[in-house]
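The values are calculated or read from the model by the stated rules, or taken from the named source; none is laboratory data. If you're wondering where the values come from, they're calculated on a predicted model, not measured in any experiment. Here the Cβ positions follow ideal geometry from the backbone for every residue, glycine too, while neighbour counts run over all protein chains shown.
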Amino acid sequence: MKLEINPQRLLAELRELATFGAYRTGVHRPTFSPQDMAARRWVIDRMTAAGLEPRMDGIGNILGMAPGERRRLLVGSHSDSQNHAGWLDGAMGVVYALEIARAVAESGRTDVAVEPVDWADEEAHFASFLGSRSAIGEVSEEEIDAARCATTGTPLRLALADAGLAGRERLRIEPARYLGYLEAHIEQGDYLDAHGLALGVVTTIVGIWQYRLTVRGQRNHGGTTRMAVRKDAGAALVMLINRIEERFRALAGDRTVWTVGNIRLEPGQVSIIPDLAEMMLQVRDSDPDVLWRMDAALRALVEETNAAGPCSAALELVSSSAPHAMSTALKEELDSAAEEVAPGRAIRMPSGAGHDAQILAQVMPSGMLFVPSIGGISHHWDENTRDDDLVLGCRALAGACARLLTKAA
């Protein structure tokens, strides 16, 4: 079985989807916004035109179901975006799924199917992986009641109602219906682009551990308090961050990354010594042992800070997700398909970002394929991938789908 994609149609539809919420050279399509819902209606129209039976559920997920008895693969990603971000993050995987579903239909085969899916809120405007977690039964009504938009504070219930989704039943994926789940994505890093590679077969999706570090001192006058007697929480936090950088670099693996993404001082006035300094720290790696090693180092540094004074420090693990390995069988088929379309220019690599595939991996075999990001830029309107690489990625994913559907016969 061979699936032939249409490169011109693929590229045209990628650019058409990018018109919804167009912003500079990227898109602004936050989850459940008018722009997002317009894009989702466009996806539904494309699924219908491909002979599928699309259904949008009560959390915004869209599944294009193929009628009849068939061997099926679930393929997709997400069409919503980060705020003022890029045109390919998520959207590429959705359009790939649509194109491959059409290729199956155009092949004349009625015993196999690729069912495209467009997940809601992978970008965590309201909650991380909201759509895919809901589809495997991990999102409770209580979580929906409590969720708020991270940008606007809008309650999720209100956003769902404004989007016309209130009262709809939520989709529950049936793992036994599918041979597995495949997702294609831009790399969002520079490894493939910097090394002249065309494709990356994902081995593992990293674990992500997020911490809140709080330092407490004593508020006082910034002009009259001698340096020798100050308990400056802000200065203490800066020194702690510097020590974290030094300690982490000595312990990190080849692909360990960490980010201080937010710092807050109270009272936040230039002439007042802050009595509270808080930061959010995120650590990512595909090796659980490395994550535990960094965790132990972080806790030791907090203890050292407390012992040295004059300020006190406290550490809170806010959230943690374990690394998720992709299916061995799916990796092998992706390897073979990638080597066929790009001989010698495909590698195996971990994913440094989280993806819906890590959620689906909990209930069915899952695999991922990366295409290069020019300059490694993502979550920004300058995000881009060369047309040739976009086409090559879709051909590789289609090849893997064909192999899996044929082997299951």
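Annotation: residue 203 fulfils all but one of (1) in a strand (DSSP E or B); (2) surrounded by 21 or more Cβ atoms within 10 Å (Cβ to Cβ); the unmet one is (2). Number of residues in region 116-128 that are surrounded by 19 or more Cβ atoms within 10 Å (Cβ to Cβ) and assigned to a loop (DSSP other than H, G, I, E, B): the value is 7. Contact list please: Cβ distance under 7 Å, first residue in region 136-164 and within 22 Å of residue 117 (Cβ to Cβ), second residue surrounded by 15 or more Cβ atoms within 10 Å (Cβ to Cβ) and β-branched (Val, Ile, Thr), pairs at least six apart or on different chains. Sorted first by the residue in region 136-164, then by its partner, the pairs are 136/173; 136/359; 136/363; 156/144.
Each row is one residue, and each column tells you yes or no for (1) outside the structural domain of residue 401 (by TED's automatic domain parsing); (2) assigned to a helix (DSSP H, G or I); (3) out of contact with any Ser or Thr (no Cβ under 6 Å at 6 or more places or on another chain).
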| residue | (1), (2), (3) |
| --- | --- |
| 1 | yes, no, no |
| 13 | no, yes, yes |
| 16 | no, yes, yes |
| 20 | no, no, yes |
| 30 | no, no, yes |
| 38 | no, yes, yes |
| 41 | no, yes, yes |
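Looking at 164, 131, just one residue is out of contact with any Lys or Arg (no Cβ under 6 Å at 6 or more places or on another chain), more than 30 Å from residue 270 (Cα to Cα), loosely packed, with under 15 Cβ neighbours inside 10 Å and at pLDDT 95 or above, and that residue is 164. The set of residues in region 146-199 that are within 20 Å of residue 349 (Cβ to Cβ), part of a helix (DSSP H, G or I) and either out of contact with any strand residue (DSSP E or B) (no Cβ under 8 Å at 6 or more places or on another chain) or aromatic (Phe, Trp, Tyr) (or both) comprises 191, 193, 194.
Among the residues of this structure, residue 390 counts as one that is assigned by TED's automatic domain parsing to the domain that holds residue 74, more than 30 Å from residue 176 (Cα to Cα) and in a helix (DSSP H, G or I).
Please specify each residue of region 224-251 satisfying the condition of being more than 33 Å from the chain's Cα centre (by Cα), part of a helix (DSSP H, G or I) and surrounded by 15 or more Cβ atoms within 10 Å (Cβ to Cβ). Result: 233, 235, 236. Taking region 252-264 as the range and being modelled with pLDDT of 95 or more and either buried (at least 19 other Cβ atoms within 10 Å of the Cβ) or not in a strand (DSSP E or B) (or both) as the test, the residues that pass are 252, 256, 258. With respect to the conditions (1) buried (at least 18 other Cβ atoms within 10 Å of the Cβ); (2) in a strand (DSSP E or B); (3) touching a helix residue (DSSP H, G or I) at 6+ places or on another chain (Cβ under 6 Å), residue 396 lacks only one, and its number is (2).
From the list 265, 281, 315, 276, the lone residue that is aliphatic (A, V, I, L, M), in contact with a Pro (Cβ under 8 Å, 6 or more places away or on another chain) and not assigned by TED's automatic domain parsing to the domain that holds residue 190 is 265. Within region 154-201, the residues that satisfy the criterion of being over 24 Å from residue 63 (Cα atoms) and among the β-branched types (Val, Ile, Thr) are 154, 201. Here is the figure for region 103-128: residues that are closer than 21 Å to residue 185 by Cα, at pLDDT below 95 and of a type in the set (Val, Ile, Thr) total 0. Could you grab me the full set of residues in region 351-365 that are of a type outside the set (A, V, I, L, M), touching a Phe, Trp or Tyr at 6+ places or on another chain (Cβ under 8 Å), under 20 Å from residue 287 (Cβ atoms) and assigned to a loop (DSSP other than H, G, I, E, B)? Hit for region 351-365 is 354, nothing else. Taken over region 286-332, residues that are in contact (Cβ under 8 Å) with a residue 24 or more places away in the chain, part of a helix (DSSP H, G or I) and surrounded by 14 or more Cβ atoms within 10 Å (Cβ to Cβ) amount to 13. What residue, of 392, 369, 360, is more than 30 Å from residue 136 (Cβ to Cβ) and not acidic (Asp, Glu)? Exactly one of 392, 369, 360 is more than 30 Å from residue 136 (Cβ to Cβ) and not acidic (Asp, Glu), namely 392. Of the strands (runs of 3 or more DSSP E) contained entirely in region 52-102, those carrying at least 1 residues that are crowded, with 24+ Cβ neighbours inside 10 Å and modelled with pLDDT of 95 or more fall at 62-65, 71-78.
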